[in-house]
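Here's the structure we're looking at; comments come further down.
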Amino acid sequence: MQHSSLFREAPAIVRLWTMKKLVLTILLFSILWACEQKRGGHSHTAPAITDDFGHTVTLSHMPKRIISLAPSITETLFALGLDSVIVGVTDYCDIPEAANLKLKVGGMLNPSIERIIELKPDLVLMSASGNIQTDYQKLTSLGVPVFVSNPQTIDGVLKSIVDIGELTQQKAAAESLATKLRSRRSEIIEQLRTKPVRKVLLLLSLNPVIAAGERTFLDELITTAHGENIARGSGISYPVLSREEIFRRKPDVFIATNDIVKSEEAIVAAYPEWRDLPAIKHRRITIVDASLVSRPGPRIVQGLEALAKAIHAGQ
């Protein structure tokens, strides 16, 4: 009888235990889902993403072997916490410092396709501003998924960051980074609101004189920093300007990247006839870090800040 009584009570006990187990299971899955969303919503299947040239890249899983063929993209991957899946970078990928420890696959214009294939990447990221189309064609013809970034504006840079984040299943981290960069850009714009606009020449080469023209994010950086880009109106992105033309346009500020000149004196010495220009007379000459203003990556707003300081120094 005692055994019979115990068996009659068992179903109620089992039901209670089962209900508790179900509640705990639901709670556990809720916690795991929330954590998953915070980490960027990782799943077993990556979404299809369209790159800046209209090519759709579809991955069957989160990429675990990524090769970056541009310094700006390498910086983006590190900023998104993806350094552990980077298996190859270019010779020019030097920021952050840890990028120098990654296996080099060659230059941007001449990467070793053989070495890239040997590394068995499940994703290669390219930049239209530094890589060439034939390398894209070679890689895709061999079945390698390739995503091409080609930002032309600051917003384009931020979109590229989010696209790469989504492609690598780090969308939440990418959107968070983009939001911070937009916020900092807004702060800089507000700080410059009352500053006068100054005419700017941003030099990318000293001999010949090559400047940043229109339809470039460098031009947008100058404009956003309350500058007037004197190289506008040429109709091309990186025009060659004559010495006489620069003299006629009378820039208030000279800015040069540190990969073409190392000192202000080098600019003055190269073209003595410029001594009467407002920029030279008032010593408004600044040498900026080339990687800050020329790489369309996560430090682009730092580049904006550097240009703003150069344009409005002394005000």
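Values quoted throughout were computed directly from the atomic coordinates according to the rules given, and no laboratory measurement underlies them. Small disclaimer: the values here were computed from a predicted structure and weren't measured. Reconstructed Cβ throughout: ideal geometry from the backbone, glycine too, with neighbour counts over all protein chains shown.
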Relative contact order for segment 236-315, counting Cα pairs under 8 Å that sit 6 or more residues apart, in percent: 32
Cα gyration tensor shape for segment 74-164, rounded if a/c is under 1.5, else prolate or oblate: oblate
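Would you kindly state how much longer the chain becomes between THR56 and LYS104 on full extension, computed as 0.36 nm times their sequence separation minus their alpha carbon distance, in nm to one decimal?
Values: separation 48, 0.36 × 48 = 17.28 nm, distance 2.69 nm.
Extending this stretch completely gives an extra 14.6 nm.
How much length would be gained if the chain were fully extended between ARG249 and GLU264, taking 0.36 nm per residue of separation minus their Cα-Cα distance, in nm to one decimal?
Numbers: separation 15, 0.36 × 15 = 5.40 nm, distance 1.97 nm.
Going from the current span to full extension adds 3.4 nm.
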Amide H contacts of GLY106 (H built 1.01 Å from N, under 5 Å, at least 5 apart or other chain): ASP91, SER112
Whole-Hz ³J(HN,Hα) from phi, Karplus 6.51 cos²θ - 1.76 cosθ + 1.60, for segment 101-106, glycine and proline x: 8, 7, 4, 8, 10, x
Counted charge near LEU119, where neighbours are those whose Cβ lies closer than 13 Å (Asp, Glu -1; Lys, Arg +1): +3
Gyration tensor (alpha-carbon) shape descriptor, segment 195-311, a/c threshold 1.5: rounded
In nm, spacing of pseudo-spin labels at LYS64 and GLU114 (7 Å Cα→C-beta vector): 2.8
Amide H contacts of VAL288 (H built 1.01 Å from N, under 5 Å, at least 5 apart or other chain): ALA256, THR257, ASN258
